[in-house]
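Student: Right, I'll just put the structure down here and ask away after.
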Amino acid sequence: MNGRAKMSIRLVYETHATTTDNEAGIATGWLPGVLSPAGRRQARELGDRRRNDGIAAVFTSDLNRAVDTARIAFADTTVPIHKDRRLRECNYGRLNGRPQTALAPLRSRHIDEPFPGGQSYREVLAATEDFLSDLATRWDGSRILLIAHSANRWALDCLLTGADLDGLVQAPARWQPGREYTVPPTGPQSTQPGGPSRSQH
């Protein structure tokens, strides 16, 4: 033990590239998803943006669309890619694979109440918090890229910037190429109403 003070993690978030479901207006949820030709191009562009960005490691949802985004983006590099199921999109249960038009009006009802046969957005926040706490203990001082889904981005905004989950879930979707966060050395400290503590995960 060298007594070195722990340092914050510089976290870069990128949404997985476009899928055939995205183009068809389908809410994929926990289904794998397949990158479209446009999505494969976007994944290569993500690699162009991030290959020389000081990334120490890539962490990705274990759903196919996120894993393929990472593999294409970092093909022929030595950057390690780690899959983690805690970074999955919200499980819409019986609504996985249904049209977005059917899902969108229901989102605000499932912030705390799970989708039928699935999970709530608060449960995604808890899984993301658990992931970040582990990240803080093993990768302090590093620049880490996370490739995941919209629900995970909402969780990051809540846990690391103090944003309100209810407002994020109900806001119109807004895509941008990359968001940057700082993970404190002690990991995130959830301030969300009803948010589980670390001991409840």
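Student: May I ask you to evaluate 6.51 cos²θ - 1.76 cosθ + 1.60, the Karplus curve with θ = phi - 60°, for each residue of the range 109-117 and list the ³J(HN,Hα) values in order in whole Hz, giving x for glycine and proline?
Tutor: 6, 10, 5, 10, 8, x, 4, x, x
Student: Relative contact order for the range 48-128: what percent, with Cα pairs under 8 Å and sequence separation of 6 or more?
Tutor: 27
Student: In addition: Determine how large the accessible area of residue 88 is when every protein chain is in place; take a 1.4 Å probe and give Å² rounded to the nearest 10.
Tutor: Its accessible surface works out to 40 Å², give or take rounding.
Student: Counting only residues 5 or more places away or on other chains, whose amide H sits under 5 Å from the amide H of residue 111 once H atoms are built in the peptide plane?
Tutor: 121
Student: Given 0.36 nm per residue, what is the gain on full extension from residue 98 to residue 20 after removing their alpha carbon distance, in nm?
Tutor: Taking 0.36 nm per residue and subtracting the Cα distance, the gain is 26.7 nm.
Student: What does the charge add up to near residue 101, with Lys and Arg as +1, Asp and Glu as -1, over the other residues with Cβ less than 14 Å from its Cβ?
Tutor: Result for the neighbourhood of residue 101: +1.
Student: Which residues' amide hydrogens lie under 5 Å from the amide hydrogen of residue 8, considering only partners 5 or more residues apart or on another chain, with H built in the peptide plane?
Tutor: 141
Student: Ordered by residue, what ³J(HN,Hα) values in Hz, to whole numbers, does the range 89-102 give under the Karplus form 6.51 cos²θ - 1.76 cosθ + 1.60, where θ = phi - 60° and Gly and Pro are x?
Tutor: Along the range 89-102, the couplings run 4, 4, 7, 7, x, 5, 9, 4, x, 8, x, 4, 4, 7 Hz.
Student: Which of these values of Rg and Dmax of the Cα atoms in Å was calculated from the structure shown: [x] 20.5, 71; [y] 16.5, 55; [z] 19.8, 64?
Tutor: [y]
Student: At q = 0.20, 0.24, 0.28, 0.30 Å⁻¹, work out log10 I(q)/I(0) for the range 125-176 with the Debye formula, treating every Cα as an identical point scatterer and leaving solvent out; two decimals please.
Tutor: -0.76, -1.00, -1.22, -1.30
Student: Using packing as a proxy for protection, rank 98-106, 153-161, 71-79, 129-137 so that the peptide with the highest average count of other Cβ atoms within 10 Å comes first.
Tutor: The densest-packed peptide leads the list: 153-161, 129-137, 71-79, 98-106.
Student: Next up: Would you grab the residues whose amide H sits under 5 Å from the one on residue 29? Only those 5+ places off in sequence or on another chain, please, with H modelled 1.01 Å from N.
Tutor: 97
Student: How much length, in nm to one decimal, is gained on full extension between residue 38 and residue 179, taken as 0.36 nm per residue of separation minus their Cα-Cα distance?
Tutor: That works out to 48.7 nm of additional length.
Student: Which values, in whole Å and largest first, are the semi-axes of the equivalent ellipsoid of the range 5-121 obtained as the square root of 5 times each eigenvalue of the Cα gyration tensor?
Tutor: Output for the range 5-121: semi-axes of 28, 19, 11 Å.
Student: Continuing with this model, one more query. Please give the contour-minus-distance gain from residue 49 to residue 186: 0.36 nm per residue of separation, less the Cα-Cα distance, rounded to one decimal in nm.
Tutor: 46.4 nm is the gain from fully extending residue 49 to residue 186.
The values are calculated or read from the model by the stated rules, or taken from the named source; none is laboratory data. As the structure is a computational prediction, the values presented were derived from the model and not from experiment. Every residue, glycine among them, receives a Cβ derived from its backbone with ideal geometry; neighbour counts consider all protein chains shown. For accessibility, only protein heavy atoms count, side chains too; no ligands or nucleic acids. Shrake-Rupley method; radii C 1.70, N 1.55, O 1.52, S 1.80 Å.
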